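Below is one structure, written out as structure tokens; comments come after it.
The values are calculated or read from the model by the stated rules, or taken from the named source; none is laboratory data. All figures in this text were calculated on a predicted structure; none of them were measured in a lab. Cβ placement follows ideal geometry from the backbone for every residue including glycine, while neighbour counts extend to all protein chains displayed. For the accessible areas, the whole protein counts, side chains as well, though only heavy atoms, and no ligand, DNA or RNA atoms are used. Shrake-Rupley method; radii C 1.70, N 1.55, O 1.52, S 1.80 Å.
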Amino acid sequence: MKQLLLQYLKLFLLLGLSRVTTEHVPKYDVLASLGTLPLDGHFSFHDLPAAARDFGNLSSFPPVAVLHPGSVADIARTVRHVFLMGEHSTLTVAARGHGHSLYGQSQAAGGIVIRMESLQSVKMQVHPGASPYVDASGGELWINVLNKTLKYGLAPKSWTDYLHLTVGGTLSNAGVSGQTFRHGPQISNVNELEIVTGRGDIITCSPEQNSDLFHAALGGLGQFGIITRARIALEPAPQMVRWIRVLYLDFMSLTEDQEMLISAEKTFDYIEGFVSINRTGILNNWRSSFNPQDPERASQFETDRKVLFCLEMTKNFNPEEAGIMEQIHALLSQLRYTPPSLFHTDVTYMEFLDRVHSSEIKLRAKGLWEVPHPWLNLIIPRSTVHTFAKQVFGKILEDNNNGPILLYPVNKSRWDNRTSVVLPDEEVSYLVGFLPSAMGPHSIKRTLNLNNQIIEFSNKASIGVKQYLPHYSTEPEWKAHYGARWDAFQQRKNTYDPLAILAPGQRIFQKTPASLPLSS
């Protein structure tokens, strides 16, 4: 244990602290007690700075230890140990998947971070049949789930745009993409969960068994338990995808076409929109994945519009299927896009679903991936989305050169209202994602200021937005977010994590002092 304390001394010196006091270093008996836990995996102390970073690169709260679990029992023992330390202990626990959170949500200041990707004991198993499914670890990446299920000709129904995220991470939020209008979010396609609660209990739950915990954990932001296994519904996987993009000159035509498509019985399999504001070379950037003959078509398209809108769609198919291309042509004939802007290409199902990873590789090579990402994701009711767009696109935002702006509709009826996610109270809402990359302190400050302007306008104009991947720092803000469901949310917390041990980085229920800085 002396060696353990020496590692702490080295860590705090590396962090630039001039002295080490009991304020920074846990008591000897706390460290000693962690060391006595019988584990299949291990605690580590050399990787604390890495556990205090995430994709957002805006917050850094170092833990005191990182657990690399060798089994689900390791997670349960650790959480149970912290629970038994009682309400006077400030030790907390955060499950960290791929670290794709934005504002320190997967961090635990002075607590324990569980590296979920180390959880190898839950082996992925595919179960084909009439109602196929896959059992996957909460720490498994979705790309690995896809690779495994494709060997059986199967795949999950609903996705996120980026597959290099963990199963437990996206299910703790919702998991949305262009398939959500049809299949609902990822949390609407789960049959069963295994969860470690804030008491350290391992509980299997489903819509029929321990259903309250099942629904609480889905979209629950990690507040009620750590997802260690998920049973995910599968469907037959297509071989190919016809990938289509078109441009619109006005917002009304875009949204009316999107709403028509998501309500049609026969429609595309994926529907997303993009907003482009004063972006030069839009067609060159936009068609980079498409056929070499496209530049000729692109040269026909000229506009002086400040704001353009892109609609991206796909249709899944197998080469031997007849009539697919006729279906596509029929659907396109109903849309009001600008004809010269039609581009399409055929790619494999895997190539389409993993498309963002290709961009990641290029950005990493240029040192542009691990930069601050002050993202803002909003869900906006259909009734107010035009008011929102008129003020935000081209007025509050004068450009979007530092990142894409997504805009696409979702159907509330495809979401299970028993889960912890809150949506606007309308059947159709729009997910609007502002996804900038900030280069330097000035860019971070400017982007955060723009985000605040968007939120302030939305509140003042009574737009009725709900944040996706919500980020608030006060209890009144969280109460406003959950509205009439706050009491139920709070009751679930009292039931499954009464000492507020789990997911402290979300800042909903604070076990540690509520005065933590927003960033450091």
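Here are the numbers for the structure shown:
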| item | result |
| --- | --- |
| FRET efficiency for Q239 and H442, using Cβ-Cβ distance with R0 set to 45 Å, rounded to 0.05 | 0.40 |
| Percent accessible area from carbon and sulfur atoms, the chain, protein chains only, probe 1.4 Å | 51 |
| Relative contact order (%) - criterion: Cα under 8 Å, at least six apart; region: region 125-236 | 33 |
| Cβ-Cβ FRET estimate between R364 and K395, R0 fixed at 25 Å, reported to 0.05 | 0.15 |
| Positive minus negative residues near A264 (Lys, Arg vs Asp, Glu; Cβ under 14 Å) | -2 |
| Relative contact order %, the chain, counting alpha carbon pairs below 8 Å whose residues are six or more apart | 17 |
| Estimated distance in nm for a label pair at N147 and A488, the labels positioned 7 Å out from Cα along Cα-to-Cβ | 4.0 |
| Distance-filtered residues of region 158-189 - backbone nitrogen under 19 Å, label point 7 angstrom along N411 Cα→Cβ | 158-160, 175-189 |
| Fraction of beta bridges assigned by DSSP in the chain that are antiparallel (%, nearest 5) | 90 |
| Taking region 241-467 and dividing mean pair separation by its residue count, relative contact order in percent (alpha carbons under 8 Å, at least six apart) | 28 |
| Net charge contributed by nearby residues that have their C-beta within less than 9 Å of H127 (K/R +1, D/E -1) | 0 |
| Stretchable slack from H164 to Y472, in nm (0.36 nm times residue separation minus alpha-carbon distance) | 108.3 nm |
| Contour minus Cα-Cα distance for T338 and D212 (0.36 nm per residue) | 40.5 nm |
| Helix 72-84 vs. the chain, principal-axis angle (Cα, 0 to 90°, nearest 10) | 60 |
| Computed lengthening from M85 to D201, 0.36 nm per intervening residue step minus Cα-Cα distance | 40.2 nm |
| Solvent-accessible ranking of M252, M124, M325, largest area first, probe 1.4 Å | M252, M325, M124 |
| Neighbour net charge for A52 - beta-carbon separation under 13 angstrom, K R +1, D E -1 | +1 |
| Packing rank of 412-418, 162-168, 206-212, 92-98, where each peptide gets the mean count of other beta carbons within 10 Å, highest leading | 92-98, 162-168, 412-418, 206-212 |
| Counting DSSP beta bridges with both ends in region 90-174, the antiparallel % (nearest 5) | 50 |
| Calculated Rg and Dmax of the chain using C-alpha coordinates, Å | 23.5, 73 |
| For region 405-520: lysine pairs under 21 Å (alpha-carbon distance), excluding those fewer than 8 apart on one chain | 7 |
| Accessible surface of L407 - all protein chains present, 1.4 Å probe, nearest 10 Å² | 0 |
